[in-house]
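Written out below as structure tokens is the structure these notes cover.
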């Protein structure tokens, strides 16, 4: 199947790899505030969602007619420590492997599968195409988040007088 969202999903690992050039292990665990995520937590979150949310939903929707789909409360997983204390390189590698498999699987689907539906516990009926768009949208949000974390750590401290003109929001 061809779909713009799948192409974005395929490219996201390379974007992250490029953004994280020069980031130290210490910088991956830096949190801009107690309630904000570190790079390491973002990477583990992505790894967790890849299999436990997105692929699980695709599998469900491609094998059952309008199956019930549970919600996913990322804040509850975060509060429970699901994304904490993980090795960022391992999280990234695991996510990247899953992503490669998922993109290959998505490309193998027939275009007609986009119309398959699921019944979300809180949001109601949605299509596989809606889910693909949500998946790419989610990725791009984290691209922005990772870019801001990198900006704040690698470049902002070295701006000299230009810091007065700049604001970071990691």
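The values are calculated or read from the model by the stated rules, or taken from the named source; none is laboratory data. These numbers were taken from a predicted model, which means no experiment stands behind them. Because the Cβ atoms are built from the backbone with ideal geometry, glycine has one as well, and the counts that use them run over all protein chains shown.
So, of the residues in the range 74-86 that are part of a loop (DSSP other than H, G, I, E, B) and touching a helix residue (DSSP H, G or I) at 6+ places or on another chain (Cβ under 8 Å), which turns out to be farthest from residue 30 (Cα to Cα)? Don't jump to the end; show me each part of the working.
Of the residues in the range 74-86, the ones part of a loop (DSSP other than H, G, I, E, B) are 80-86.
Right, trim to touching a helix residue (DSSP H, G or I) at 6+ places or on another chain (Cβ under 8 Å) and you get 82-84, 86.
Details: 82: 17, 83: 14, 84: 12, 86: 13 Å.
Of everything passing the filter in the range 74-86, 82 is farthest from residue 30 (Cα to Cα).
Mind checking which residues of the range 153-170 are in contact with a helix residue (DSSP H, G or I) (Cβ under 6 Å, 6 or more places away or on another chain) and either in a helix (DSSP H, G or I) or in contact (Cβ under 8 Å) with a residue 40 or more places away in the chain (or both)? Of everything in the range 153-170, those that are in contact with a helix residue (DSSP H, G or I) (Cβ under 6 Å, 6 or more places away or on another chain) and either in a helix (DSSP H, G or I) or in contact (Cβ under 8 Å) with a residue 40 or more places away in the chain (or both) turn out to be 153, 170. Checking each residue in the range 33-64 for being touching a residue at least 40 places away in the same chain (Cβ under 8 Å) and over 19 Å from the mean Cα position of the chain (by Cα) picks out 60, 61, 62.
Screening 103, 150 for residues that are within 24 Å of residue 27 (Cβ to Cβ), assigned to a helix (DSSP H, G or I) and under 19 Å from the mean Cα position of the chain (by Cα) leaves exactly one candidate, 150. Considering only the range 114-141, state which residues are part of a strand (DSSP E or B), without any contact (Cβ under 8 Å) to a residue 60 or more places away in the chain and over 14 Å from residue 1 (Cβ atoms). Listed by number, the residues that qualify are 117, 119, 120, 124, 125, 126. Being surrounded by 13 or more Cβ atoms within 10 Å (Cβ to Cβ) and part of a loop (DSSP other than H, G, I, E, B): is that true of residue 91 here? No; evaluated as a whole, the condition is false for this residue.
For the range 38-73, give me each residue that is assigned to a loop (DSSP other than H, G, I, E, B), modelled with pLDDT under 95 and farther than 14 Å from residue 119 by Cα. Working first, answer last.
We begin by selecting, within the range 38-73, every residue assigned to a loop (DSSP other than H, G, I, E, B); these are 38, 64-67, 70-73.
Pick out the ones that are also modelled with pLDDT under 95 and you get 70-73.
Listed by number, the list holds a single entry, 73.
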